[in-house]
Amino acid sequence: MDLSLKGKRVIVSGGTRGIGRAVAETFAAEGANVAICARNETQVAEAVAAIGAMGVRSTGRAVDISNGPKLTEWIGDVAADFGGIDILVSNPGAMAIQNTPEAWRQNFDVDIMGALYAVEAAKPFLAQAASDHGDASIVLISTVSTMESDGESAYGPMKSALVHMAKGIARQHAAKGIRANVVSPGTVYFKGGVWNMIEQNMPDRYQHAMERNPTGRMGTPQDIANAVVFLASPRASYITGANLTVDGAITRRVNF
């Protein structure tokens, strides 16, 4: 299926590794021009070069997304460089799972405020793109931990706020042609990622997670990227305010 993404102007925050990197590269494979940010300047430069080698325009900057003015400045610079913004994907996560004040603050600053700063900065450009082309979209990356809880943790509650945020954006801006959706991954494995670390340091927990999943495997960043890119594309033009679970049936919740 042609996702009608050729020439689209895309921002992916947290786009240098794991899910974010797969999302950025999948957009590029569809012919979209891609801008990424992350905190590590070396990783940003490597990712920008790799994405650009796919034959699209690519740019990036080392940005701490919890710094609202810096993130807003970068998004404005991308819009000026690309001539606008059609799609925003907010991917970063602090991954602070403890139930401590520090963990709650980390998740709030990165996951919630990072998404809020990005959305607010991108809104005028998304509205213009929707006016010009009929569709613009936002995708926020959450987690299945919004749906199930095994104990006290700052992670799931904070990620849950993104689902509510997206629904509000979807309702508020539907008439303008701006869509907002959430993708909630289950367990996702990649080298250097959380589950790779758990595999090495807590093998019993890793094995338990594998046994819970009816598919017999963990997801890949590409599994999640495929869902994100479809939801962001004009092919999903009537899908907004949705929370798409991509988890290989690991959760037991029935989504009516």
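Values in this text are rule-based calculations from the coordinates and carry no lab data. Quantities reported herein were computed from a predicted structural model and do not represent experimental measurements. Virtual Cβ from ideal backbone geometry, glycine too; neighbours counted across all protein chains shown.
What the table shows:
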quantity: Cβ-placed point charges (K, R +1; D, E -1), dipole of the stretch 40-79 about Cα centre in debye, nearest 20; calculated: 120 debye
quantity: Spread of Cα-to-Cα distances over 10 Å intervals beginning at zero, given as percent, for the stretch 1-120; calculated: 15, 46, 29, 9, 1
quantity: Label-to-label distance, nm, for residues given as Arg212 and Gln172 (7 Å Cα→Cβ offset); calculated: 3.3 nm
quantity: Value of relative contact order over the stretch 91-159, rounded to a whole percent, pairs C-alpha under 8 Å and six or more apart; calculated: 45 percent
quantity: Glu41-Tyr238 pseudo-label distance in nm [points 7 Å out on the Cα-to-Cβ vector]; calculated: 4.9 nm
quantity: Taking the convex hull of Cα positions in the stretch 210-256, its mean projected area over all directions (nm²); calculated: 4.0 nm²
quantity: Estimated D of the stretch 153-237 in µm² per second, where Rh is the Kirkwood radius over Cα pairs and Stokes-Einstein applies at 25 °C, 0.890 mPa s; calculated: 162 µm²/s
quantity: Hydrodynamic radius (Kirkwood) for the chain, which is based on Cα pairs only, to one decimal in Å; calculated: 18.2 Å
quantity: Label-to-label distance, nm, for residues given as Asn226 and Asn255 (7 Å Cα→Cβ offset); calculated: 1.5 nm
quantity: Antiparallel DSSP beta bridges within the chain, percent to nearest 5; calculated: 0 percent
quantity: Computed helical MRE - 222 nm, the chain, DSSP H runs ≥ 4 contributing -39500 (n - 2.57), nearest 500; calculated: -14500 deg cm²/dmol
quantity: Cα-based convex hull, the stretch 107-256, per residue volume (Å³, whole number); calculated: 126 Å³
quantity: Straight-distance crosslink candidates among lysines, where the alpha carbon sits under 18 Å from Lys167 and sequence neighbours closer than 8 are dropped; calculated: Lys123, Lys159, Lys176
quantity: Tensor-based shape of the stretch 57-140 (alpha-carbon gyration tensor, a/c under 1.5 rounded, otherwise prolate or oblate); calculated: prolate
